[in-house]
Amino acid sequence: MSYDLTAYVRSERLPSMSALAAHLQRTGGRIAIDDLDDVTAMHGYVPVTLDGAPTGFEVYWSEITDARRSSYRQRLARNGETPGEYLEILTTCDRDVGFSCKSGDAREVAAARLVANALASLAGGWVRDPQTKEVVRYAAR
């Protein structure tokens, strides 16, 4: 079983790898991502250093398409549900970045949470934790 997080962002607002590394350093310096030149190169297993010790997590990028938005709107209409924050996320973002960790590994989860929040913060997006239902909004209102 895995512990998953999702960051929602706009492609044109993605930070450089150096900006992401600098942000992580400014916000506590607990985590370092080595050997990546481009933030979109974070894919598959990403090794990182958390509090001086190695760990890592998996990262998967997906496009948020018009078809996906339409399907969600149809589901809302079919179920008689009111549009909420998730529809706003889908309509203002064009990428989701999935972070997957071993559910029993608190270090992996902590590392993924730090990177997901830094990425969303710099890109003005959102982070969603489906396990806790928590959504953190970094996007301008």
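The values are calculated or read from the model by the stated rules, or taken from the named source; none is laboratory data. Bear in mind the structure is a predicted one, so any value in this text is a computation, not a measurement. Note that each Cβ is placed from the backbone with ideal geometry, even for glycine, and that neighbours are counted across all protein chains shown.
One residue alone among Ala116, Ala139 is in a helix (DSSP H, G or I) and either closer than 14 Å to Trp61 by Cα or over 11 Å from the mean Cα position of the chain (by Cα) (or both), and that residue is Ala116.
Restricting attention to the range 84-113 and to residues that are under 15 Å from Gln131 (Cα atoms) and hydroxyl-bearing (Ser, Thr, Tyr), the residue that is surrounded by the fewest Cβ atoms within 10 Å (Cβ to Cβ) turns out to be Ser103. Using the structure shown, decide if Thr55 is part of a strand (DSSP E or B), in contact with a strand residue (DSSP E or B) (Cβ under 7 Å, 6 or more places away or on another chain), hydroxyl-bearing (Ser, Thr, Tyr) and surrounded by 12 or more Cβ atoms within 10 Å (Cβ to Cβ). Spelling it out, Thr55 is indeed part of a strand (DSSP E or B), in contact with a strand residue (DSSP E or B) (Cβ under 7 Å, 6 or more places away or on another chain), hydroxyl-bearing (Ser, Thr, Tyr) and surrounded by 12 or more Cβ atoms within 10 Å (Cβ to Cβ). Condition (residue is under 13 Å from the mean Cα position of the chain (by Cα) and either more than 22 Å from Asp129 (Cα to Cα) or crowded, with 16+ Cβ neighbours inside 10 Å (or both)) applied to the range 70-83: is it met by at least one residue? For the range 70-83, residues under 13 Å from the mean Cα position of the chain (by Cα) and either more than 22 Å from Asp129 (Cα to Cα) or crowded, with 16+ Cβ neighbours inside 10 Å (or both): absent.
Applying the criterion of being part of a helix (DSSP H, G or I) and among the polar types (S, T, N, Q) to the residues of the range 90-107, the residue that is nearest to Val9 (Cα to Cα) is Thr92. Could you figure out which of (1) modelled with pLDDT under 95; (2) over 22 Å from Leu14 (Cβ atoms); (3) of a type outside the set (Val, Ile, Thr); (4) in contact with a strand residue (DSSP E or B) (Cβ under 8 Å, 6 or more places away or on another chain) isn't true of Gly84? Among (1) modelled with pLDDT under 95; (2) over 22 Å from Leu14 (Cβ atoms); (3) of a type outside the set (Val, Ile, Thr); (4) in contact with a strand residue (DSSP E or B) (Cβ under 8 Å, 6 or more places away or on another chain), Gly84 violates only (4).
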